[in-house]
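Heads up: the structure comes next, in structure tokens.
Read-outs throughout are calculated quantities, based only on the coordinates presented, and are distinct from any laboratory measurement. Since the model is a prediction, treat every value here as computed from it, not as a measurement. Neighbour counts are summed over all protein chains in view; Cβ atoms, including those assigned to glycine, are modelled from backbone coordinates with ideal geometry.
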Amino acid sequence: MIRLNFIPESQRKQRANLMSEGVGGIPGEVIVGSVAALAGCLVLMHVALAGIGAYKLATHKILEARWDRMGPDKKIYDDVSGELKAIQAKMNTLRPITSAQGLSWAQLLNDISDTIPKGIWLREIVFDKGTLTVYGSAVSKIQNEMVDVGNFVAALKEKPGIKNNFTGVDVDSIQRRENAAVSVADFSLKAKLK
């Protein structure tokens, strides 16, 4: 393309050229270079951040896959942990009974079992706050159930499991009730730990 300009050079309007004049005394090349460097830094930071984001996303996917693989193991762990907590709760309820008191329950229950005379039935044995309570009934056709309870208490007091661990055995209450054919006496015995 050919340009023809018939205006003399002295009367021609001069176009301002950023490259030749600059702005505020700063040469144009410096301004253009600074803008290009800034744009290059921004592009470089964008690429770096995109790379870091891609790396983090890949790491997240890997960890997510590991977590999914651990799902069945976590369920097993939760089940076992729940069972362990239930067993520990049961153990905590038994701990006061079997604490450092040195009480042999097998020996104690064996002694009670060995001393039960004919005509006496035990309904319940309760150990609470250091007190052993035995609930039972005595039945007799010849109305000597009160004597049977007395003999039972005397025999219990002589057993080593009772003698060594408790201050004694006392009749807490005894009450006779009449039935059609036989006489029944309901009783409760108490023994305190030493």
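In plain terms, the residue of Met146, Met70 with the fewest other Cβ atoms within 10 Å comes first and the most crowded comes last, giving Met70, Met146.
Placing pseudo-labels 7 Å out from each Cα toward the beta carbon at Ala37 and Ile116 gives an inter-label distance of 10.1 nm.
Considering only Val147, Ile62, Leu122, and ranking their Cα positions along the charge dipole of the chain that arises from unit charges at the beta-carbon of Lys, Arg, Asp and Glu, the one farthest toward the positive end is Ile62.
For the chain, with the dipole built from +1 on Lys and Arg beta-carbon atoms and -1 on Asp and Glu ones, taken about the Cα centre, which of Ala185, Asn5, Gly136 lies farthest toward the positive end? Value computed over the given set: Asn5. For the range 24-95, the Cβ-based charge dipole about the Cα centre amounts to some 480 debye (Lys, Arg positive; Asp, Glu negative; other atoms uncharged). Rg/Rh for the range 24-95: what does it come to with C-alpha atoms and Rh from Kirkwood? My calculation of the ratio gives 1.63. With contacts taken as Cα pairs under 8 Å at a separation of at least 6 residues, the chain carries a relative contact order of 14 percent.
Which net charge results for the neighbourhood of Gly168, defined as the other residues with beta-carbon distances under 13 angstrom from its beta-carbon, given Lys and Arg at +1 and Asp and Glu at -1? Neighbour charge sum, excluding Gly168 itself: +3. The count of lysine pairs in the range 24-95 that are at least 8 places apart or cross chains, and whose C-alpha atoms lie under 28 Å apart, stands at 8.
Share of pairwise Cα-Cα distances greater than 20 Å in the chain is 76 percent (whole percent).
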